Amino acid sequence: MADTRKIYVLNGPNLNMLGTREPEIYGYDTLDDIAERMEDAAHRAHVEIDFRQSNHEGHLVDWVQEAHREGAHAIIMNPGAYTHTSIALHDAIKSITVPVIEIHLSNPHTREAFRHKSYVGMAAKGTIAGFGAMSYMLALEAALEL
Ligand code: DQA
């Protein structure tokens, strides 16, 4: 029987530049490559993926609230630099019951000090970081188990 669980995958600023953006840190996969891989895995697992990217903080807040209203199963979120600055995203995540899995391609803890604090991580169910594009796939596996 078809599973109607829907998982939002929300990507923050500059992640539309993946593939050419600092590839020594973020790799050569584009966001479309990652979306395609996730769609395939989601199809096999009979769940629905809603994959989005925005450079605007408010869009991400709106989408977190939308996921809640729509009764999403989980949110997988790479908030980009908003990870380290956004109390609005922290509050949005705190406002909902949908579990949020924070992800990063790189491991922010091995990088500049300003990346060591995560306002999103402080509100998220868990964090997966440092595995490149595989962070997305690992998060999907985790989301399926929730
Ligand atoms: C990132 C890490 C952030 O510190 C950075 O601002 C990004 C990408 C990652 O996926 O490794 O934009 O979220």
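The values are calculated or read from the model by the stated rules, or taken from the named source; none is laboratory data. Source: prediction; values computed, not measured. Neighbour counts are summed over all protein chains in view; Cβ atoms, including those assigned to glycine, are modelled from backbone coordinates with ideal geometry.
Kindly indicate whether any position in region 70-83 is crowded, with 18+ Cβ neighbours inside 10 Å, in contact (Cβ under 8 Å) with a residue 24 or more places away in the chain, touching a Pro at 6+ places or on another chain (Cβ under 6 Å) and assigned to a helix (DSSP H, G or I).
yes
Looking at region 89-101, I want the residues that are among the small types (G, A, S) and have a partner that is surrounded by fewer than 16 Cβ atoms within 10 Å (Cβ to Cβ) with Cβ atoms under 8 Å, at least 6 apart or on another chain. Which pairs are those?
A92/Q65; S95/Q65
Of everything in region 110-137, what is touching a residue at least 12 places away in the same chain (Cβ under 8 Å) and not in a loop (DSSP other than H, G, I, E, B)? Give them in sequence order.
If the condition is that a residue be touching a residue at least 12 places away in the same chain (Cβ under 8 Å) and not in a loop (DSSP other than H, G, I, E, B), then T110, F114, R115, G126, T127, I128, A129, S135, Y136, M137 are the ones that fit.
Looking only at region 22-60, which residues are assigned to a loop (DSSP other than H, G, I, E, B), within 13 Å of the ligand (Cβ to nearest atom) and at pLDDT 95 or above?
D29, S54, N55, listed by residue number.
Going through region 1-21 one residue at a time, which ones are surrounded by fewer than 16 Cβ atoms within 10 Å (Cβ to Cβ) and within 15 Å of the ligand (Cβ to nearest atom)?
Across region 1-21, the qualifying residues are N14, M17, G19, T20, R21.
Go through region 86-101 and give me each residue that's of a type in the set (S, T, N, Q) and either surrounded by 15 or more Cβ atoms within 10 Å (Cβ to Cβ) or at positive phi (or both).
Scanning region 86-101 gives a single hit, S86.
Residue by residue through region 87-127, note down the ones that are within 11 Å of the ligand (Cβ to nearest atom) and under 17 Å from Q65 (Cα atoms).
Passing the criteria: E102, V120.
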